[in-house]
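*Asks:* Have a look at the structure that comes next, please.
The values are calculated or read from the model by the stated rules, or taken from the named source; none is laboratory data. Since the structure is predicted, the reported quantities are computational estimates derived from the model, not experimental observations. All Cβ positions, even for glycine, are placed from backbone atoms using ideal geometry, and neighbour counts span all protein chains on display.
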Amino acid sequence: MPVSQVKTNTISITEFPKDGRFWIVDWLGAVEKNPTIESEPTFEVTISPFHNNSDIHLPPNKIVSKDVISYDEQQSIQVGVGQLPLVNIGSIWLDGERQLQEAGSEKAYYDIEISEETTQTIFASHRIKESALIPYNFYRYGSGNKNAQLMAIKYENDPLGILIPMMELARFYYTVSTDLAQTIFSGALQHNISSVVNTERTGLITDEKRCVIGLRQHYSNEDGWVLGRIFYDKNAWKGATLPHDDMMKHAINKEPTHIRSCFPFAGATNLRVRAKPIKCYADDSWRSLVLSIEQCTAPFPFEYLTADRDNNAKKADPDSDIPDNQKKPAFPKPPPPKPKNGDKPFQSKQAPSKHNQAETLSLPSQRFAALMGKEVDMPEKEQCNYISKRFNDDKAKKTNKLGTGKGTSGESNTGKGSVNVKHVRREALPASFDVFKNAIIELNRKDGIQALIRNLDTRNTIIPLTGPSHKRQWSYLNSDELSRRQIIAADIKTNNQIFTLVEVQGRPNQTLKVALLSKVDKSKINENELHILLLKLAYLKGVWDNMNNTSIEDLQISTMKHTWPTAQDFSNSILLRIN
């Protein structure tokens, strides 16, 4: 595939090289003052180019290698902290645009215990018996990052079994949006809490397991989940405030700061990550260096969230609201932020102008499994006492680039850009899956058969995207509403063989075949393998019969037309295939 055909998700940052080569992010380094934008510090991004662009098509676990990456050309760039949600270790960039490909082996850790006894802070340059914990020939994090700190987690009796860079902990758990990143690194939590929330409207309703949070208007409702966790879990408060505390300690000497952070919870969790296996020669032990965390299943300190916003946009109850002509005029508002369509790059050298209309890039996220299926609610309004009009700023200019600093009163062609996350929620299973569910119940009644609806990894509850999230594509059931196609899967065990049955949600009047998957060696298809198949299915627009040359060894695919009027008919059809 030529380079020009590699799909990107239209995330672009000016500071990345534009030389026609693929560049990989090796490390997220120290935070320091930005000499050109006082309101926003920057963080160092260590990057290296590929030897050959054709290697972009290697499996993700093969990319992080000195055979692929030209470490002799390793360099660093500075990026504003408001763009931290866009950059992670292992991300790949071409001419300033982030690619869909990610480097690193996908790995899942189950029942990992997080506590003071099972975690410790170490330096990237940590040594065991004079041997590097992260050997130079296994991974090169950059000479400027020797003092970068990592969180080491005990795994399989090895106190250093899992290694997570501190900047990755901060990126994944706390700086999930531009506004939250600015909050974390500015010290607003410690020194200006009233700029974050109205404390009089913030609290826990314990018997309802509900957090009510008085969000200031620049935060999204989704930010409320992270802020609520920070306020009501001491571990999260520590993890969110450590970065700025560390920056203050180094401010006197004007030194770049390799920050610390920590997990926002204590207890057991499952983690899905991208990692690089590394081997320390001193003790001949293999460990995992986490490049990026993709999902965590740890609970929040509350189940439900109510956002009691400064700018509650909900309309009042028409039965109790007062007429518009009786409402007081409020201060005119600027136009609301418009969606960013990917045509303007983010940059960190020029502050945005406050006069220009802001733009927001919304990214889908499944990072917190505890939020699957949950919505933020807002209090009902009996009446609105004010009415406001939009105003047009005469000094506003057409913009060609975006910045994530707080903005200046000067005029320029730089707009205020921000990144928000939109948690992908598992909707109620569609009615079209009822026959599937009942057929599994019928199969379970048969002698010698065990059938169970699969408790899916959250990646595999919906069809993966094949292109930019704002583009129309088959993965969406409704592209206008960005509504993703759901799937249902079940494992069926008989005669010591495990089959996986998969049905994909179709549009009205659209019939998609059901697939029965199995392996020649009779083993179960794991979640990573299922995810690979669903991604390929998305490219094939749901046609299982066109699937070939998969990376899964000895895979067998049998398809069935969805023509059964009853669950009994469906189960009988399955029996014919598995016996």
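*Asks:* Being in the same structural domain as residue 120 (by TED's automatic domain parsing), more than 26 Å from the chain's Cα centre (by Cα), modelled with pLDDT of 95 or more and at negative phi is true for just one of 250, 191, 244. Which residue is that?
*Replies:* Numbers: 250 fails: modelled with pLDDT of 95 or more; 244 fails: more than 26 Å from the chain's Cα centre (by Cα).
None of the others qualify; the one that does is 191.
*Asks:* Is it the case that residue 218 is modelled with pLDDT under 95 and either at negative phi or out of contact with any Cys (no Cβ under 7 Å at 6 or more places or on another chain) (or both)? Quick ask: steps written out before the conclusion?
*Replies:* Details: modelled with pLDDT under 95: yes; either at negative phi or out of contact with any Cys (no Cβ under 7 Å at 6 or more places or on another chain) (or both): yes.
For residue 218, the condition - modelled with pLDDT under 95 and either at negative phi or out of contact with any Cys (no Cβ under 7 Å at 6 or more places or on another chain) (or both) - is met.
*Asks:* Something else now. Exactly one of these conditions fails for residue 277: (1) of a type outside the set (A, V, I, L, M, F, W, C); (2) surrounded by 20 or more Cβ atoms within 10 Å (Cβ to Cβ); (3) in a strand (DSSP E or B). Give me its number.
*Replies:* Among (1) of a type outside the set (A, V, I, L, M, F, W, C); (2) surrounded by 20 or more Cβ atoms within 10 Å (Cβ to Cβ); (3) in a strand (DSSP E or B), the lone unmet condition for residue 277 is (2).
*Asks:* Restricting attention to the range 104-127, and to residues there that are among the hydrophobic types (A, V, I, L, M, F, W, C) and modelled with pLDDT under 95, which single residue is surrounded by the fewest Cβ atoms within 10 Å (Cβ to Cβ)? Full working, then the answer.
*Replies:* We begin by selecting, within the range 104-127, every residue among the hydrophobic types (A, V, I, L, M, F, W, C); these are 108, 112, 114, 122-124.
Imposing the further condition that a residue be modelled with pLDDT under 95 reduces the set to 108, 112.
Values: 108: 14, 112: 21.
Residue satisfying both the conditions and the ranking: 108.
*Asks:* Filtering the range 207-262 down to residues that are touching a helix residue (DSSP H, G or I) at 6+ places or on another chain (Cβ under 8 Å) and of a type in the set (Lys, Arg), which residue is farthest from residue 418 (Cα to Cα)?
*Replies:* Of the residues in the range 207-262, the ones touching a helix residue (DSSP H, G or I) at 6+ places or on another chain (Cβ under 8 Å) are 211-216, 218-220, 223, 225-227, 229-231, 236-237, 239-241, 243-245, 247, 256-262.
Within this subset, residues satisfying the condition of being of a type in the set (Lys, Arg) are 216, 229, 260.
Working: 216: 16, 229: 22, 260: 24 Å.
Restricting to residues being touching a helix residue (DSSP H, G or I) at 6+ places or on another chain (Cβ under 8 Å) and of a type in the set (Lys, Arg), the top hit is 260.
*Asks:* Okay, next question. Of the residues 543, 504, which is under 31 Å from the mean Cα position of the chain (by Cα), surrounded by fewer than 17 Cβ atoms within 10 Å (Cβ to Cβ) and of a type in the set (Val, Ile, Thr)? Step through it out loud before you land on a result.
*Replies:* Values: 504 fails: surrounded by fewer than 17 Cβ atoms within 10 Å (Cβ to Cβ).
Answer to the selection: 543.
*Asks:* Further question: Report yes if residue 528 is crowded, with 16+ Cβ neighbours inside 10 Å and assigned by TED's automatic domain parsing to the domain that holds residue 479, otherwise no.
*Replies:* On the way: crowded, with 16+ Cβ neighbours inside 10 Å: yes; assigned by TED's automatic domain parsing to the domain that holds residue 479: yes.
Considered against the rule, which asks whether it is crowded, with 16+ Cβ neighbours inside 10 Å and assigned by TED's automatic domain parsing to the domain that holds residue 479, residue 528 comes out as yes.
*Asks:* Just checking, does the range 65-83 include any residue being free of Cβ contacts under 8 Å to residues at least 60 places away in the same chain and within 21 Å of residue 348 (Cβ to Cβ)?
*Replies:* yes
*Asks:* Right, next: Restricting attention to the range 283-290, does a residue exist that is within 18 Å of residue 176 (Cβ to Cβ), part of a strand (DSSP E or B), in the same structural domain as residue 167 (by TED's automatic domain parsing) and modelled with pLDDT under 90?
*Replies:* Step one: list which residues in the range 283-290 are within 18 Å of residue 176 (Cβ to Cβ), which gives 290.
Now restrict to residues that are part of a strand (DSSP E or B): 290.
Now narrow it down to the ones that are in the same structural domain as residue 167 (by TED's automatic domain parsing): 290.
Going one step further and asking which of them are modelled with pLDDT under 90, we end up with none.
Looking through the range 283-290, none of the residues is within 18 Å of residue 176 (Cβ to Cβ), part of a strand (DSSP E or B), in the same structural domain as residue 167 (by TED's automatic domain parsing) and modelled with pLDDT under 90.
*Asks:* Residue 259 fails exactly one of the following numbered conditions: (1) among the aliphatic types (A, V, I, L, M); (2) touching a residue at least 12 places away in the same chain (Cβ under 8 Å); (3) in contact with a Lys or Arg (Cβ under 9 Å, 6 or more places away or on another chain). What is the number of that condition?
*Replies:* (3)
*Asks:* Does residue 142 meet the test of being crowded, with 18+ Cβ neighbours inside 10 Å and outside the structural domain of residue 227 (by TED's automatic domain parsing)? Write out each step before concluding.
*Replies:* Details: crowded, with 18+ Cβ neighbours inside 10 Å: yes; outside the structural domain of residue 227 (by TED's automatic domain parsing): no.
The answer is no for residue 142.
*Asks:* Also, quick follow-up: When the range 393-424 is examined, which residues are found to be in contact with a Leu (Cβ under 8 Å, 6 or more places away or on another chain) and crowded, with 17+ Cβ neighbours inside 10 Å?
*Replies:* Taking the range 393-424 first, the residues in contact with a Leu (Cβ under 8 Å, 6 or more places away or on another chain) are 414-423.
Once the filter is applied, which keeps residues that are in contact with a Leu (Cβ under 8 Å, 6 or more places away or on another chain) and crowded, with 17+ Cβ neighbours inside 10 Å, the range 393-424 yields 414, 415, 416, 417, 418, 419, 420, 421, 423.
*Asks:* Is it true that residue 496 is modelled with pLDDT under 90, more than 30 Å from residue 10 (Cβ to Cβ) and of a type outside the set (D, E, K, R)?
*Replies:* Working: modelled with pLDDT under 90: yes; more than 30 Å from residue 10 (Cβ to Cβ): yes; of a type outside the set (D, E, K, R): yes.
It is true that residue 496 is modelled with pLDDT under 90, more than 30 Å from residue 10 (Cβ to Cβ) and of a type outside the set (D, E, K, R).
*Asks:* Here's a follow-up. Would you please name the residue that is farthest from residue 78 (Cα to Cα), looking only at residues in the range 31-58 that are at pLDDT below 95 and hydrophobic (A, V, I, L, M, F, W, C)?
*Replies:* Taking the candidates together, the pick is 58.
*Asks:* Sticking with this structure for a sec: May I ask you to list the residues in the range 553-567 that are in contact with a Phe, Trp or Tyr (Cβ under 7 Å, 6 or more places away or on another chain) and not polar (S, T, N, Q)?
*Replies:* At the first step, the residues of the range 553-567 found to be in contact with a Phe, Trp or Tyr (Cβ under 7 Å, 6 or more places away or on another chain) are 557, 559, 564.
Of everything in the range 553-567, those that are in contact with a Phe, Trp or Tyr (Cβ under 7 Å, 6 or more places away or on another chain) and not polar (S, T, N, Q) turn out to be 557, 564.
*Asks:* Of all residues being in contact (Cβ under 8 Å) with a residue 60 or more places away in the chain and acidic (Asp, Glu) in the range 173-209, which is nearest to residue 230 (Cα to Cα)? Just the residue, please.
*Replies:* Across the range 173-209, the extreme among qualifying residues is 179.
*Asks:* I'd like the residue in the range 214-238 that is touching a residue at least 60 places away in the same chain (Cβ under 8 Å) and farther than 13 Å from residue 307 by Cβ and, out of all such residues, is surrounded by the most Cβ atoms within 10 Å (Cβ to Cβ). Write out each step before concluding.
*Replies:* We begin by selecting, within the range 214-238, every residue touching a residue at least 60 places away in the same chain (Cβ under 8 Å); these are 214-217, 220-225, 228-229, 232-233, 236.
Checking which are farther than 13 Å from residue 307 by Cβ leaves us with 229, 232-233, 236.
Values: 229: 27, 232: 17, 233: 21, 236: 23.
Checked the range 214-238; the qualifying residue surrounded by the most Cβ atoms within 10 Å (Cβ to Cβ) is 229.
*Asks:* Within the range 172-193, count every residue that is in contact with a strand residue (DSSP E or B) (Cβ under 7 Å, 6 or more places away or on another chain) and assigned to a helix (DSSP H, G or I). Step through it out loud before you land on a result.
*Replies:* Pass one, the range 172-193, residues in contact with a strand residue (DSSP E or B) (Cβ under 7 Å, 6 or more places away or on another chain): 172, 176-179, 185.
Of the ones still in play, those that are also assigned to a helix (DSSP H, G or I) are 172, 178-179, 185.
Residues that pass the stated criteria total 4.
*Asks:* How many residues, within the range 249-264, are under 23 Å from residue 233 (Cα atoms) and in a helix (DSSP H, G or I)? Can you show your working first?
*Replies:* Let us first name the residues in the range 249-264 that are under 23 Å from residue 233 (Cα atoms), namely 259-264.
Then keep just the ones that are in a helix (DSSP H, G or I); that gives none.
The qualifying residues number 0.
*Asks:* Kindly indicate whether any position in the range 519-533 is of a type in the set (Gly, Ala, Ser) and at pLDDT 90 or above. Before you say what the answer is, go through the steps one by one.
*Replies:* Kept after step one, since they are of a type in the set (Gly, Ala, Ser), are these residues of the range 519-533: 523.
Checking the rest, the ones that are also at pLDDT 90 or above come to none.
Within the range 519-533 (the criterion being of a type in the set (Gly, Ala, Ser) and at pLDDT 90 or above), the answer is no, since none of the residues qualifies.
*Asks:* Give the residue that is farthest from residue 141 (Cα to Cα), with candidates limited to residues of the range 36-66 that are of a type in the set (Asp, Glu) and crowded, with 18+ Cβ neighbours inside 10 Å. Lay out the reasoning, then the answer.
*Replies:* Initially, the range 36-66 is screened for residues of a type in the set (Asp, Glu), giving 38, 40, 44, 55.
Next cut, crowded, with 18+ Cβ neighbours inside 10 Å only: 40, 44.
On the way: 40: 25, 44: 12 Å.
Of everything passing the filter in the range 36-66, 40 is farthest from residue 141 (Cα to Cα).
*Asks:* Looking for whichever is modelled with pLDDT of 90 or more and farther than 21 Å from residue 492 by Cβ here; the options are 541, 513. Which one fits? Give the derivation first.
*Replies:* Numbers: 513 fails: farther than 21 Å from residue 492 by Cβ.
Step by step, each of 541, 513 is checked, and only 541 is modelled with pLDDT of 90 or more and farther than 21 Å from residue 492 by Cβ.
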